[in-house]
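A.B. asks: Please read through the structure below; I'll follow up with questions.
The values are calculated or read from the model by the stated rules, or taken from the named source; none is laboratory data. Here the structure is a predicted model, which is why all the values come from computation and not from measurement. Every residue, glycine among them, receives a Cβ derived from its backbone with ideal geometry; neighbour counts consider all protein chains shown. Each accessible area value is taken on the protein alone, full model and side chains, heavy atoms only, with ligands, DNA and RNA left out. Shrake-Rupley method; radii C 1.70, N 1.55, O 1.52, S 1.80 Å.
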Amino acid sequence: MSKIAIIGATGRAGSQLLEEALRRGHSVTAIARDTAKIGARAGVVSKNVDALDAEALQAAIAGHDVVISAAHFATLPASAVIGPVKNAGVKRLLVVGGAGSLLLPDGGRVIDSEGFPEEYKAEASAGALFLQNLRQEQQLDWTFVSPSAEFVEGERTGTFRIGKDDLLVSAQGRSWITFADYAIALLDEVQEPKHSRQRFAVGY
């Protein structure tokens, strides 16, 4: 079992990652500005940390086997995560990615497609930049896990597909994944790494 630190553990993705990690018997350090809603949980150490405070973040993640970043890209750029993870001596970083940088059948990115919602552009652009920075990283063993276009609440089915850099679309023409099933895919990667220094996609 691993010692896993989750940055953004109170968010919609982060909270499902926390549940999945505990379900599998890992010990988790939950990191967020305010961890009060997590409460006292067996196997969880909660730490109130502003992730933009590099020294505080480094101290919080030191001694872990894996760091998972589930924070919003627009508020936490790659440098704010990569630096503290490396300085803390943690070798593996998994990132809850976005769908904006995934590719469409015509070779263009989702974010550049006609009709991409304006309100998601800042976050999607920041996510694409985060991935770009990871791809230039020579030391860390990183993995960037992109959800489908719709990243939603829903049941944990355990049935989904894994892709690479292309947007996954279901037979019904919908691109989606629940937070719970996404968490399964990401924790699978924690336990059995298959995408070292790569991005992969998760969808139905």
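A.B. asks: Once both axes come from the Cα atoms, what is the angle between helix 12-23 and the longest principal axis of the chain, in degrees from 0 to 90, rounded to 10?
C.D. replies: That helix lies at roughly 60 degrees to the long axis.
A.B. asks: Continuing with the same structure: Can you tell me which of Asp106, Asp188, Asp53 moves the most in a GNM of the chain? Springs connect C-alpha atoms under 10 Å apart.
C.D. replies: Among Asp106, Asp188, Asp53, the largest GNM mean-square fluctuation belongs to Asp106.
A.B. asks: Students sometimes get this wrong: rank Leu94, Leu167, Leu52 by accessible area, probe 1.4 Å, all chains present, largest first.
C.D. replies: Heavy-atom accessible area, descending, gives Leu52, Leu167, Leu94.
A.B. asks: Would you check the chain for Lys pairs whose C-alpha atoms are within less than 30 Å, ignoring same-chain pairs closer than 8 in sequence, and give me the count?
C.D. replies: Close lysine pairs found across the chain: 21.
A.B. asks: Please report the equivalent ellipsoid semi-axes of region 134-184, computed as sqrt(5 x eigenvalue) of the Cα gyration tensor, largest first, in whole Å.
C.D. replies: They are 24, 14, 9 Å, listed from largest to smallest.
A.B. asks: Which is the longest part of the chain that has none of the GluC sites (Glu not before Pro) sitting in a DSSP loop with at most 10 other Cβ atoms within 10 Å?
C.D. replies: For GluC sites (Glu not before Pro) (loop position, at most 10 other Cβ atoms within 10 Å), the longest site-free span of the chain is 1-113.
A.B. asks: Here is a further query. Could you tell me which trypsin sites (Lys or Arg not before Pro) in region 127-204 are loop residues by DSSP with no more than 16 other beta carbons within 10 angstrom of their beta carbon?
C.D. replies: Within region 127-204, the qualifying trypsin sites (Lys or Arg not before Pro) (loop, at most 16 other Cβ atoms within 10 Å) are Arg156, Lys164, Arg174, Lys194, Arg197.
A.B. asks: Can you give me the solvent accessible area of Thr10 with a 1.4 Å probe, rounded to the nearest 10 Å²?
C.D. replies: About 40 Å², rounded to the nearest 10.
A.B. asks: Mind ranking Trp142, Trp176 by accessible surface for me, highest first, 1.4 Å probe?
C.D. replies: Heavy-atom accessible area, descending, gives Trp176, Trp142.
A.B. asks: Count charges around Phe144 for me, please; just the other residues with Cβ under 9 Å from its Cβ, Lys/Arg as +1, Asp/Glu as -1.
C.D. replies: Here the count lands on +2.
A.B. asks: Residue-wise, which Karplus ³J(HN,Hα) couplings in Hz belong to region 145-162, taking 6.51 cos²θ - 1.76 cosθ + 1.60, θ = phi - 60°, and x for glycine or proline?
C.D. replies: Going residue by residue, I get 10, 8, x, 7, 4, 9, 10, 9, 5, x, 6, 9, 9, x, 10, 6, 10, 10 Hz, with x marking Gly and Pro.
A.B. asks: Given points 7 Å out from each Cα along the Cα-Cβ axis, report the Asp165 to Asp34 separation in nanometres with one decimal.
C.D. replies: With each label point 7 Å from Cα toward Cβ, the separation is 4.1 nm.
A.B. asks: Shifting gears a bit: Answer rounded, prolate or oblate for the chain, using the Cα gyration tensor with square roots of eigenvalues a ≥ b ≥ c: rounded when a/c is under 1.5, else prolate when a/b is larger than b/c, else oblate.
C.D. replies: The shape class here is prolate.
A.B. asks: Let me ask you something else. Return the percentage of antiparallel bridges among DSSP beta bridges fully within the chain, rounded to the nearest 5 %.
C.D. replies: Close to 10 percent.
A.B. asks: Counting other Cβ atoms within 10 Å, which trypsin sites (Lys or Arg not before Pro) in region 19-101 have at most 15 and lie in a DSSP loop?
C.D. replies: Those satisfying the criteria are Arg24, Arg33, Arg41, Lys91.
A.B. asks: Calculate the length of the line joining the C-alpha centroid of region 101-151 to that of region 179-202, in whole Å.
C.D. replies: For region 101-151 versus region 179-202, the Cα centre distance is 16 Å.
A.B. asks: Moving on to the next point. Pop out the ³J(HN,Hα) list for region 176-189 in order, Karplus 6.51 cos²θ - 1.76 cosθ + 1.60 with θ = phi - 60°, rounded to Hz; leave Gly and Pro as x.
C.D. replies: 7, 7, 7, 4, 5, 6, 4, 4, 4, 4, 5, 5, 4, 5
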